[in-house]
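To start, the structure under review is shown below, and the notes come after it.
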């Protein structure tokens, strides 16, 4: 149970955690902070937070749990402001999509990695953003990855884990580096491909017509290209190295496929497509298959 | 109104057309042909066709409309068999995803491009295949592209157009070459990316774990990688040149994006992501947006 939760960045991610914990009866008061007062007022009007302060240092006062859900590029600045204002027993966690950069930015802002900070990443979200899009069920059945460091206090890890479980999520722990590799492969690379594909097609002269003939699968395939550009710019900067590694790996595989098309190599094409179908079908859960 | 429709290749595409025309009361008798008798018997049992013949030459006898819905690689062989057995006024059309190769194969099989053949392509389908997956609504509101040639009889074009409209589709005409370019961009390239991505990830040593952490968007993004490998092998061979052109165009754009990530170029990344989001949002219809 959290007595006072402070959420810095009350958008889809922060707002949905607030709603989920409220619904679960797991939280007393919820205080919000953001740069823009009208967003915070909207969050109050929607019943997502109880009150707000645009100054994050004042917002965290007396909170036993702080969730930082700002774009990766703003993490350092927020930590600079709140580190000295936290209650003695306060635990802080975040929702950033890359973890090495968060650790780097915190160390730069605070001087060293504090034992009260638990780096975290809920693997959930939609292409929507903003508090109006938030909903209590966003984390239900979803995974949250925590990447605690050696110095992270065990009780801080437990509290963050319990919070996410109260929101309905399944919590796993792994190293910062491994998290960044896994996410580069399963999320950051696919987003790059979707952005680049839509960009490619949009620059064809017949773009209007091109999109008119796009079949059903195309809409699914490119949905992730509607994601927030600022968030993705920050992710590219933050997880640069792991993303470049995955881009190069993909490039090698796409080149092999291109070469097979070029030489009309039916056997290789059939092998690649069959393996991909098999791998995809194996990982999609029965529930998702029904949805398919 | 079609008196006797012959469908060669009674799977998802052929079976769904049969169901749609039957539902619309637009067809008298439906005769099916396929290589495998058990599939044809299944189609009869499901009420999709009235009777069948595994010999396509016998199956087309007396039919006023013939729909060839076989993999692209089988088109030439089918045409060789049926060309001499058609009724004098019969019209033939197909459902192949690439059109230059269909024209090429017909000319090779028959000696010249007959005036009774209307190359066509319904832009519809799912990742399912087989007659059991067929349904009457598959073409409702979907586009069908016809690519008639100079010698194609106008009344043949009208009959094929009317058939697709009876099945609920919107029919457009364009040149063979333009069709193949548009489809390479909107369908064949995205499929290559999805296949290559899943293949790339499947070969990572931690593949089981990798897929476990894949978020919601990943499932949508890779759905098309579950498509029929044989069909896609044939499409790659059939639409090789247009596909290679699009692969190279995409490669250039992905390289530009990679270079921006590599040098930490925030401005370029933000521009690319913003343009892609805008283009994607502009082409997705309001109906699909609600579904999103």
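The set of residues in the stretch A:156-170 being out of contact with any strand residue (DSSP E or B) (no Cβ under 8 Å at 6 or more places or on another chain) and either on the phi < 0 side of the Ramachandran plot or outside the structural domain of residue A:112 (by TED's automatic domain parsing) (or both) consists of A:158, A:162, A:166, A:167.
I'd like the residue in the stretch A:241-250 that is surrounded by fewer than 20 Cβ atoms within 10 Å (Cβ to Cβ) and more than 7 Å from every other protein chain (Cβ to nearest Cβ) and, out of all such residues, is farthest from residue A:75 (Cα to Cα). Per the stated criteria, the residue is A:248. Take the stretch B:251-264 and flag every residue that is in a helix (DSSP H, G or I) and more than 7 Å from chain A (Cβ to nearest Cβ). B:251, B:252, B:255, B:256, B:259, B:260 - these are the residues of the stretch B:251-264 that are in a helix (DSSP H, G or I) and more than 7 Å from chain A (Cβ to nearest Cβ). Being at pLDDT below 95 and in a helix (DSSP H, G or I) is true of residue B:288. Filtering the stretch A:38-49 to residues that are farther than 14 Å from residue A:14 by Cβ and touching a strand residue (DSSP E or B) at 6+ places or on another chain (Cβ under 8 Å) leaves only A:41. Scanning the stretch A:211-230 turns up at least one residue that is modelled with pLDDT of 90 or more, under 28 Å from residue B:269 (Cβ atoms) and assigned to a helix (DSSP H, G or I).
Can you tell me which residues in the stretch B:143-158 are in contact with a helix residue (DSSP H, G or I) (Cβ under 8 Å, 6 or more places away or on another chain) and more than 18 Å from residue B:100 (Cα to Cα)? Hit for the stretch B:143-158 is B:143, nothing else. Do we have residue B:115 as in the same structural domain as residue B:168 (by TED's automatic domain parsing), part of a loop (DSSP other than H, G, I, E, B) and either without any contact (Cβ under 8 Å) to a residue 60 or more places away in the chain or farther than 15 Å from residue B:183 by Cβ (or both) here? Yes.
For (1) in a loop (DSSP other than H, G, I, E, B); (2) surrounded by 23 or more Cβ atoms within 10 Å (Cβ to Cβ); (3) touching a residue at least 12 places away in the same chain (Cβ under 8 Å); (4) in the same structural domain as residue A:75 (by TED's automatic domain parsing), each residue gets a yes or a no:
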| position | (1), (2), (3), (4) |
| --- | --- |
| A:6 | no, yes, yes, yes |
| A:18 | no, yes, yes, yes |
| A:35 | yes, no, yes, yes |
| A:38 | no, no, no, yes |
| A:41 | no, no, no, yes |
| A:48 | yes, yes, yes, yes |
| A:54 | yes, no, yes, yes |
| A:57 | no, no, yes, yes |
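Of note, residue B:267 does not satisfy the criterion of being closer than 30 Å to residue A:137 by Cα and either modelled with pLDDT of 80 or more or at the interface with chain A (Cβ under 7 Å from one of its Cβ atoms) (or both). The residues in the stretch B:113-131 that are within 14 Å of chain A (Cβ to nearest Cβ), surrounded by fewer than 21 Cβ atoms within 10 Å (Cβ to Cβ) and either more than 13 Å from residue B:69 (Cα to Cα) or under 8 Å from the mean Cα position of the chain (by Cα) (or both) can be counted, and the count is 3. Of the residues making up the stretch B:72-112, those that are under 27 Å from residue B:143 (Cα atoms), in contact with a helix residue (DSSP H, G or I) (Cβ under 7 Å, 6 or more places away or on another chain) and not in a loop (DSSP other than H, G, I, E, B) number 15. Condition (residue is farther than 30 Å from residue A:246 by Cα, within 12 Å of chain A (Cβ to nearest Cβ) and surrounded by 20 or more Cβ atoms within 10 Å (Cβ to Cβ)) applied to the stretch B:205-218: is it met by at least one residue? Among the residues of the stretch B:205-218, not one is farther than 30 Å from residue A:246 by Cα, within 12 Å of chain A (Cβ to nearest Cβ) and surrounded by 20 or more Cβ atoms within 10 Å (Cβ to Cβ), which makes the answer no.
Within the stretch A:162-175, the set of residues being more than 14 Å from chain B (Cβ to nearest Cβ) and within 24 Å of residue A:89 (Cα to Cα) comprises A:162, A:163, A:164, A:165, A:166, A:167. Looking at (1) within 7 Å of chain A (Cβ to nearest Cβ); (2) in contact (Cβ under 8 Å) with a residue 60 or more places away in the chain, find the lone condition where residue B:238 falls short. With (1) within 7 Å of chain A (Cβ to nearest Cβ); (2) in contact (Cβ under 8 Å) with a residue 60 or more places away in the chain applied to residue B:238, the lone miss is (1). State whether the residues of the stretch A:48-62 include one that is within 23 Å of the chain's Cα centre (by Cα) and either modelled with pLDDT under 95 or within 24 Å of residue A:183 (Cβ to Cβ) (or both). No, the stretch A:48-62 has no match at all. Of all the residues in the stretch B:136-161, those that are loosely packed, with under 15 Cβ neighbours inside 10 Å and either within 16 Å of residue B:20 (Cα to Cα) or facing chain A (nearest Cβ under 10 Å) (or both) number 3. In the stretch B:209-224, the residues that are under 18 Å from residue A:179 (Cβ atoms) and not assigned by TED's automatic domain parsing to the domain that holds residue B:129 reach residues that are surrounded by fewer than 24 Cβ atoms within 10 Å (Cβ to Cβ) and at pLDDT below 75 with C-beta atoms within less than 6 angstrom, at least six apart or across chains, in these pairs: B:211/A:283.
The values are calculated or read from the model by the stated rules, or taken from the named source; none is laboratory data. Only a predicted model underlies this, so the values are computations on that prediction, with no experimental measurement involved. Every residue, glycine among them, receives a Cβ derived from its backbone with ideal geometry; neighbour counts consider all protein chains shown.
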